[in-house]
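S.K.: Mind looking over this structure? Questions follow.
Values in this text are rule-based calculations from the coordinates and carry no lab data. Given the structure is predicted, the values throughout are model-derived calculations rather than measurements. Positions of Cβ are generated from backbone atoms using ideal geometry, with glycine treated the same way; all protein chains shown enter the neighbour counts.
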Amino acid sequence: MAAVTIDSLLQNPTLLFRPKAKVLLKPPRSLDCSRNRKLPLSRGSCLCSFNPRRTIHVVRASSSETALIGNFDISSSDDILYKDIFPVKRIEKGKFFIRLDRSKDQHDWQFTVGCSLPGKWILHWGVSYLGDSGSEWDQPPKGMRPPGSIPIKDYAIETPLKKLSEGDIFHEVKIDFNPISEIAAIHFVLKDEETGAWYQHRGMDFKVPLVDYLEDDGNIVGAKRGFGVWSGALQQFSNVLLKSEASHADSQNNSIESKDSKNKNRCLEGFYEEQSIVKEVSVGNLVSVAVRKSPETGKVVVCLETDIPGDVVVHWGVCRDDAKIWKIPAAPYPPETTVFKNKALRTLLQPKATGNRSGALFTLDEEHFGFLFVLKLDDNTWLKFKENDFYVPLLGTSSVPGQYGQSDSTSEEISSKSYTDGIINEIRNLVSGLSSEKSLKTKKKEVQESILQEIEQLAAEAYSIFRSSITTVPDEVVSETETTKPAVKISSGTGTGFEILCQGFNWESHKSRRWYMELKEKASEISSLGFTVIWLPPPTESVSPEGYMPKDLYNLNSRYGTIDELKELVKSLHEVGMKVLGDVVLNHRCAHFKNQNGVWNIFGGRLNWDDRAVVADDPHFQGRGNKSSGDNFHAAPNIDHSQEFVRKDLKEWLGWLREEIGYDGWRLDFVRGFWGGYVKDYLEASGPYFAVGEYWDSLSYTYGEMDHNQDSHRQRIVDWINATNGTAGAFDVTTKGILHSALERCEYWRLSDQKGKPPGVVGWWPSRAVTFIENHDTGSTQGHWRFPGGKEMQGYAYILTHPGTPAVFYDHIFSHHRSEIASLISVRNRNGIHCRSLVKIVKAERDVYAAIIDEKVAMKIGPGYYEPPSGSQRWSLALEGRDYKVWETS
Amino acid sequence: MEVSVIRSSSQAKISKTELGCRDLRFCFGKSNDKNKIFSRKPNSVCFDSQISRFRKAGLRFTLKAVHSDPILESKSPATSKSLDRLRLFVGLPLDAVSDGNSVNHARAIGAGLKALKLLGVEGVELPVWWGVVENEMGKYDWSGYLAVAEMVQKAGLKLHVSLCFHASSQPRIPLPKWVTKIGESQSSIFFADRSGQHYQQCLSLAVDDLAVLDGKTPVQVYQGFCESFKSTFSPFIGSTITGISMGLGPDGELRYPSHHKPAKSGTITGVGEFQCYDTNMLNLLKQYAEANGNPLWGLGGPHDAPTYDQAPNLNSFFKDHGGSWESPYGDFFLSWYSSELVSHGNRLLSLASSIFGDTEVNVYGKVPLMHSWYKTRAHPSELTAGFYNTASRNGYEAVAEMFARNSCKIILPGMDLSDEHQPHDSLSSPESLLAQIRTTCNKHRVEVAGQNLASGAPGGLEQIKKNMLGENPIDLFTYQRMGAHFFSPEHFPSFTEFVRSLSQPELHPDDLPSDEAEATESVQTSSDPNIHLQTA
């Protein structure tokens, strides 16, 4: 397992930045060709990130100041206008294991948790008893508590993990228990007192059932949940424990294999499961940046210094405005500087005379707005500022001496803008940077945070029950909403028109092999957030685990679960009032057999088509059908929809899925590949409640910049919808693309087209536009076209207030965005905004976009100022977040 | 996949809060600058962002605490002395127990109680309905309520019980069936308006001492109810149960049912109608008129009053200038009408304090906030509700005096209402009325507890906070009310933030010393005077 290598890595701190490190600069990737295939990204085991330790805007540095950063090559610090110190963090990986076995005397059982990473590990745990409902913990009986346990309030125990002997790798804790006791499950989370980090399961505890059945929220999972299954249950943690970006260590595949064998062995006596774990540790290295103004030349000097050992190359440039576009400044450059692809400069940091530090001085003209850089340690290791460029504001430097106060406030403003990542992270990191000095305090904070989380969970539970038990709505409310809702007419292009879609999976969901069951647990939660439609992953047998390379269409046992589990899931989703979309891949299908030339184009299973079902224009697959009616997807034989028998079979299949599984509608994969008219045919035959197609191609760019006018792009999507005769909606890729540019580059003017309407499909055919900001391809662990980081909520504030049918990505729902998204959804529902709502754009300027929707909801995104007019309507602020605000009429 | 590494929060400086700590109480410092910090963003919308806000706040807090350290230190003894204890209660669903004495949505309430406890809320308010308990005259079934009381006790929360001798329409909880049956044949046990329409949600105060209920007077029936409650709940009284509200009329409030529809925030309500037209009320009026030497005035109520939904000036009674309310007749009628209400209140509260006086519970009565038309001279809404309070007369003197006499406390609803959010033309002023009642209560040394009218009023939480922390802080506030909306993502986070913002100031005096140590370490450059100026 890869984890072993990592152990050795950890014991050799000198190997810290070895070339295995993750490539942080992702090469640009075309959007079209790779969509259904997971790209083998090189993922490594070491990842560094920078966090701002603090930003101090010094006006006149005192002597102590100079002492602190005396390593700067600055004789007089009078002119320092900006200074930052970034601690370098290392991400350590190790493993932790959970074992259940019989203790020596064969009567009692023993539950063991161990962790290979150094640290002060604490098991924070409790139990639940038979007949308990909900997710509450109880304190375990006294006899179960290992020595050294400390009770936390009245429902948990904290037990430190200890090394059995000095030579051991693992810190571990053993808990003895009697299997005939009333204990139904052990719940735990692991935390590290050193860093204050908690290791949890999606914000929940790990649950280790000790009996064959568990009553959970009234859903009896029944006999399926014996000892044998829960190794599978544990499997899902692996995705969680690993930070998403760094998660693709080989260990995962291995553990999946090992799990397989376990699942077969249902009456397992005990079990042993290992998982990877990551931990961020401050390694003590720092990168310091200071900006000063040279009194002699009037130029600005940027001093960069670090104590990272070895050769460090600065990859740098300057920018002229807030958009932070890299430009090469005029010479002179420091020694050892080369020009890199006409885009940036590279400078090797020079060792300092004192100690093992290296640094460089950059002299720049004063008109530059900011200084951008990343550090390159070797060919594969880049150090960035939380996935972004480091950014040092320079503008404040141009002010004349004597106006210190003013210049300082300017630079503060700029620098605060420059931190594109959430303030949350910033402060988290700041505190974690300090945390080792005050572990005692940290502990209390942790308790507090866990309590806040627990409160949130309890509230969510109470909410879902109260909500479901509301039988009568007060009369007034009913009459109010009735008047606002237009007559509901259901059509497959729009549903009721009030639909809000949830994408119920991501690129990793197949890994647990029990996604259906996992999602089932979340059904009521998702529904309670206000979603009406959920899109499930492709259900068929597939060559790729994610399901987009279907083989036997009638075999619905996939990596997401079995056909029975799928039915169960669909039933649960229906019970909580959601409609379910099946993800159907109609464009292509993987063959079972080779033809006489050795080419894979003969199908098996119930639809045992031959090569006549394959389009003729892809030489790879030697199809004998007609030419494709759309674009080709080159990784598998594309199906020839012009064949009568193919269409008949597909219609029958869709009908079967409706009947057998209970799907209410479809998400149609890669509809660029065949004519929309066929889709119309399929939809008319299967009569879905709602259908949406994925028509994804590239936006228009000129010289690398996105064109303001994306009419041709949206025209292609609209053409497709038209071809389906409006029986299907389509994902509004145009809107996503324009949001990217608008948000990333602070060009909010892009959000209005020449006619003052929304520039995406939603501006032309709102009722058929399914707006979204991320999906399993664009985001998740593929990240082919990721929405600008930290700006997701602006994106949601846009799509969830605007017409169209908004779709929210699973990863965002189960993230810290969740409650903001929930609030946006409830604003949408409260005000009856629907797919045809009228939007009036009131502002589309450089730094702010504002619109009023149906005269009931006003919204703005962007850092600029906007308040709704105080006219006849009374606006009250419904919610606000980072760079967005939403108002409703009161 | 989701990242599950949870960093320790940055709430370094507020670690004393220990939200989960069992005996956390809310205390407030006066006008201390941290209040501001923690309430910078009202209406937070979500759990996470809220937490992040705390983080943010916590961070700022640090800097502040560091730099203003010497000042705070000198201030801190005074601050800790001035801390007042505030107890926050949350109302349980009105139908927590209903038909057949079963506990409704027990699981949700269970989870809710836990969440509230963790949040540091002191207790919950439980409405106990006459119509649920006394299904047969003199036979009481408390089982459902006992179960709830046990849940509350188990959760470590306090309980405030509201004894409800009225009916509720939403959710529907009627009066006891046997009472309704008597009412069918004998409608005069209910209030009636000028058109003879009866209000059947509670008994008329005129029958308090008449043996209309199978040979018993309503007061005797209420007494039996209260005594049975006392003996049944004796294990809880004084420990878990810390307060009891005596139901005094419609919606439990001391008033006439002058408005048939509950006032909705944001809409203009009419003046309401006098409710003196049932035979028993008319008898009382007649006697009073005869005793005052004006028998002709005792034949009915004012002939020139507008109807329920009308504005005051649609008829002459409430006119600002020259309205009949200012005439000798007006004074005669209003004096009688309001004194009957006060006497009714006195009957029930003296009953309650005689029963519960020997226990440790406080007895409360609820006085409504009839804030519509407060800016007119006549205050018509208050007059029809039974409060003879006008521009020239403080009608709450008699009320407060009556509460003081019975050592009872007043619950005032509507602490979430602000003038700003009232419709422009309603001439309403909840804030001024509240201030008037509170001043009057202070004068009579009657303690005031607060309540909100409805959760979700615009700016409600801010307004509540203003009322709670103002110059004249209140010691108990009951927030209405637990249910789907309460826990919904659009409401609960702001409530959480509200609660935490109330509790925050408590930390500061104790927290400072350790902050200092840390902060100097973390901001080593803080000796620089200029930094001080910028961050402080």
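S.K.: What list do you get for B:Thr307, A:Thr496, A:Thr734 if you sort them by fewest beta carbons within 10 Å?
M.R.: Sorted ascending by nearby Cβ count, the order is B:Thr307, A:Thr496, A:Thr734.
S.K.: Next up: For region A:497-694, how many pairs of lysine residues have a Cα-Cα distance under 17 Å, where the two are 8 or more positions apart or belong to different chains?
M.R.: 13
S.K.: On a full-extension model of 0.36 nm per residue, what is the gain between A:Ile150 and A:Asn597, subtracting their alpha-carbon distance, rounded to one decimal in nm?
M.R.: Gain on stretching A:Ile150 to A:Asn597: 153.8 nm.
S.K.: Then there's this: So for region A:294-393, if I pair up every lysine 8 or more residues apart or on another chain, how many of those pairs have alpha-carbons under 17 Å apart?
M.R.: 9
S.K.: What's the ranking of A:686-693, B:210-217, A:883-890 by average number of surrounding C-beta atoms within 10 Å, highest first?
M.R.: Those peptides, ordered most packed to least, come out A:686-693, A:883-890, B:210-217.
S.K.: Still on this structure, please answer the following. Can you put B:Met151, B:Met246 in order, fewest other beta carbons within 10 Å first?
M.R.: B:Met151, B:Met246
S.K.: If I model a spin label as a point 7 Å beyond the Cα along the Cα-Cβ vector, how far apart are those points for A:Glu855 and B:Asp358 in nm?
M.R.: Here the answer is 6.7 nm between the modelled labels.
S.K.: Separate question: Sort B:422-434, B:283-295, A:534-546 by the packing proxy (mean of other Cβ within 10 Å over each peptide's residues), most packed first.
M.R.: A:534-546, B:422-434, B:283-295
S.K.: Can I ask one more? Dipole of region A:294-393 (Lys/Arg Cβ +1, Asp/Glu Cβ -1, origin at the Cα centre): which of A:Phe340, A:Ile328, A:Pro309 lies farthest to the positive side?
M.R.: A:Phe340
S.K.: Which whole number gives the average, over all residues in A:867-876, of C-beta atoms from other chains lying within 10 Å of the residue C-beta?
M.R.: Taking all residues of A:867-876 together, the mean is 1.
S.K.: Let me ask something else about it. In nm, give the distance between the simple-model label positions of A:Glu521 and A:Lys648, each being 7 Å from the Cα along the Cα-to-Cβ direction.
M.R.: Inter-label distance under the simple model: 4.6 nm.
S.K.: Where Rh denotes the Kirkwood radius from the mean inverse Cα pair distance, what is Rg over Rh for region A:294-393?
M.R.: My calculation puts Rg/Rh at 0.95.
S.K.: Using only Cα atoms, figure out Rg for region A:497-694 and give it as a multiple of 2.2 N^0.38 Å.
M.R.: Normalised Cα radius of gyration, region A:497-694: 1.02.
S.K.: Computed FRET efficiency, Cβ-Cβ of A:Glu660 and A:Lys343, R0 56 Å: what is it to the nearest 0.05?
M.R.: 0.50
S.K.: Considering only DSSP beta bridges where both residues belong to region A:497-694, give the percentage that are antiparallel (nearest 5).
M.R.: Bridges in region A:497-694 are about 30 percent antiparallel.
S.K.: Round to the nearest 0.05 the FRET efficiency obtained for A:Ala331 and A:Trp749 when R0 = 45 Å and r is the Cβ-Cβ distance.
M.R.: Result of the calculation: an efficiency of 0.80.
S.K.: Right, here's the next one. Using 0.36 nm per residue of separation minus the Cα-Cα distance, give me the extension gain between B:Ser407 and B:Asp331 in nm, one decimal.
M.R.: Computed gain between B:Ser407 and B:Asp331 is 24.4 nm.
S.K.: If you don't mind, there's one more thing I want to ask. Give the order of A:Met549, B:Met415, A:Met793 when sorted by the count of other beta carbons within 10 angstrom, beginning with the fewest.
M.R.: By the 10 Å Cβ count, ascending, the order reads A:Met549, A:Met793, B:Met415.
S.K.: Still on this model: Taking a point 7 angstrom from the Cα of B:His321 along the C-beta vector, which residues in region B:289-313 have backbone N less than 19 Å away?
M.R.: From region B:289-313, the list is B:312-313.
S.K.: On to the next question. I want to check the label-to-label distance for A:Ser712 and A:Gln873. Put each point 7 Å from Cα in the C-beta direction and report it in nm to one decimal.
M.R.: 3.7
S.K.: Given contacts defined as C-alpha pairs under 8 Å and at least six residues apart, what's the relative contact order of region A:497-694, whole-number percent?
M.R.: 18
S.K.: Averaged across the residues of B:435-441, what count of C-beta atoms belonging to other chains lies within 10 Å of each residue's C-beta?
M.R.: 0
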